[in-house]
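Trainee: I'd like to ask you about the structure that follows.
The values are calculated or read from the model by the stated rules, or taken from the named source; none is laboratory data. A quick note: this is a predicted structure, and the numbers were derived from the prediction, not measured. We place every Cβ from the backbone using ideal geometry, glycine too, and count neighbours over all the protein chains shown.
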Ligand SMILES: [Zn+2]
């Protein structure tokens, strides 16, 4: 009895430690950059409540020669005995139109974004480079949107039985648990031992680029690329004056509660209270 109590306490301690480590890992510069992106913090809390044998990592940046910046950034990663879940979070507001085979998805029918499924597929490919081949079939892709979105996407992508699916972020841990229960029924035995999970966790933790300069360069290049693209292909217009705005401006409006899913030019943003 006493021994049990002691064991329990030890488990709780190590869980707390793991949580603390993964929280302090991301450099403060980057945390600051993301402050506007509501939802990230709630996901951190959700993930910390997963069973203790699950390992998770937040905000991982790894090298990826296929990416325009030379890097890939992964929002969240959960390693379970039944698979590795790679999570891409989106914080748009509005109606999301998308499909499994559509390269471009739309927010509110206007603002274009690269299919987050394709984006996350790229992340998984980049992660595989670091991970032993024997684990390559255990990846699952999850894309999450906030409840401020209405999802108008293929029902196939909303099916948790699929290897890649889209959810609302507040059901993230619930979805992972459900998916694991389904996998348990299929496989009977875990696909990854505790040792495998730890190995994967440490390989990715070591691959994670924490250098502030490299991260800043990556964000700068993404920004630059977005601006360049927006000049050529933005279809977004201000709802007040109908002036074309860049994708960056549209994205800013659509991810900001204040604008209620509408796009405003820089001038007219000031008129919205
Ligand atoms: Zn305007």
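Trainee: So is residue 198 in contact with a helix residue (DSSP H, G or I) (Cβ under 8 Å, 6 or more places away or on another chain) and assigned by TED's automatic domain parsing to the domain that holds residue 72 or not?
Mentor: Numbers: in contact with a helix residue (DSSP H, G or I) (Cβ under 8 Å, 6 or more places away or on another chain): no; assigned by TED's automatic domain parsing to the domain that holds residue 72: yes.
No.
Trainee: I would also like to ask the following. For residues that are under 23 Å from residue 70 (Cα atoms) and modelled with pLDDT of 75 or more, tally how many sit in the stretch 220-248.
Mentor: The total comes to 9.
Trainee: Got a sec? Which of 167, 153 is in contact with a strand residue (DSSP E or B) (Cβ under 9 Å, 6 or more places away or on another chain), assigned by TED's automatic domain parsing to the domain that holds residue 57 and closer than 20 Å to residue 78 by Cβ? Show your work before the answer.
Mentor: Working: 153 fails: closer than 20 Å to residue 78 by Cβ.
The match here is 167.
Trainee: A further question on this structure: Quick one: count up the residues across the stretch 232-268 that are in contact with a strand residue (DSSP E or B) (Cβ under 9 Å, 6 or more places away or on another chain), in a loop (DSSP other than H, G, I, E, B) and within 13 Å of the ligand (Cβ to nearest atom).
Mentor: The number of residues fulfilling the criteria is 7.
Trainee: Please indicate, with yes or no, whether at least one residue in the stretch 216-224 is touching a helix residue (DSSP H, G or I) at 6+ places or on another chain (Cβ under 6 Å) and either assigned to a helix (DSSP H, G or I) or under 30 Å from residue 180 (Cβ atoms) (or both). So that I can check it myself, show each step before the final result.
Mentor: Step one: of the stretch 216-224, the residues touching a helix residue (DSSP H, G or I) at 6+ places or on another chain (Cβ under 6 Å) are none.
The answer is no; no qualifying residue exists.
Trainee: Where in the stretch 66-122 are there strands (runs of 3 or more DSSP E), lying wholly inside it, with at least 3 residues that are surrounded by 20 or more Cβ atoms within 10 Å (Cβ to Cβ)?
Mentor: On the way: elements: 71-80, 83-90, 94-98, 104-107, 111-114.
Output list reads 71-80, 83-90, 94-98.
Trainee: For the stretch 137-210, list the strands (runs of 3 or more DSSP E) that sit wholly inside it and hold at least 1 residues that are loosely packed, with under 14 Cβ neighbours inside 10 Å; which are they?
Mentor: 149-153
Trainee: Could you please tell me which pairs satisfy a Cβ distance under 8 Å, a separation of 6+ or placement on different chains, a first residue in the stretch 175-198 that is touching a residue at least 12 places away in the same chain (Cβ under 8 Å), and a second residue that is in a helix (DSSP H, G or I)?
Mentor: Within 8 Å, the pairs are 191/138; 191/183; 192/135; 192/138; 192/200; 196/135.
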